[in-house]
Amino acid sequence: VQVIPHITGEIRERIHRVAANSNADVVITEIGGTVGDIESLPYLEAIREFRGDVGRNDLAYVHVTLLPYIGTSGELKTKPTQ
C-alpha cells in the first residue's frame with residue numbers, strides 16, 4: 001500500500017498548526033490504531049516524516065499499550081501486547 005504524500009503532508013500541517021496557534025512548548029498527539037492496520041499507515045508515515053520537520057532532538061515517540069489486570073489471579077496479562 002502506497003501512502004499518498006499530500007495526505008501525510010496535511011496531517012503534518014495540522015500538527016504544526018496546533019503548535020503554532022496554541023503557542024505551546026509541548027504538543028502531545030495521539031496516533032491511534034494498530035501498527036499493522038492499513039488504515040493507520042498515513043498517520044504513522046506522517047509522524048515519521050514529522051521528525052524531519054522538527055528535528056530528532058525535538059520529538060519523542062511514546063508507545064503505550066493496555067495491560068489488563070486479572071483480579072482473580074492477581075496478575076497482568078502481557079500476551080495481547082505481544
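So, in the range 1-54, of the ones that are in a loop (DSSP other than H, G, I, E, B) and either acidic (Asp, Glu) or at pLDDT 95 or above (or both), which residue ends up surrounded by the most Cβ atoms within 10 Å (Cβ to Cβ)?
That would be 37.
Please count how many residues of the range 1-25 are within 15 Å of the chain's Cα centre (by Cα) and either hydrophobic (A, V, I, L, M, F, W, C) or within 15 Å of residue 58 (Cα to Cα) (or both).
Within the range 1-25, residues that are within 15 Å of the chain's Cα centre (by Cα) and either hydrophobic (A, V, I, L, M, F, W, C) or within 15 Å of residue 58 (Cα to Cα) (or both) number 4.
Just to be sure I understand, how many residues within the range 65-82 are exposed (fewer than 10 other Cβ atoms within 10 Å of the Cβ) and assigned to a helix (DSSP H, G or I)?
Looking only at that region, the number is 2.
More than 18 Å from residue 4 (Cα to Cα) and either touching a Phe, Trp or Tyr at 6+ places or on another chain (Cβ under 8 Å) or surrounded by 10 or more Cβ atoms within 10 Å (Cβ to Cβ) (or both): does that describe residue 62?
Judged against the criteria, residue 62 is not a match.
Listed here are the residues, each with its yes/no results for (1) on the phi > 0 side of the Ramachandran plot; (2) touching a Leu at 6+ places or on another chain (Cβ under 8 Å); (3) not hydrophobic (A, V, I, L, M, F, W, C).
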| position | (1), (2), (3) |
| --- | --- |
| 41 | no, no, no |
| 45 | no, no, yes |
| 48 | no, no, yes |
| 55 | yes, no, yes |
| 63 | no, no, yes |
| 69 | no, yes, yes |
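The values are calculated or read from the model by the stated rules, or taken from the named source; none is laboratory data. The model shown is predicted, which means the values in this text are computed figures rather than measured ones. All Cβ positions, glycine included, derive from the backbone under ideal geometry; neighbour counts span all protein chains shown.
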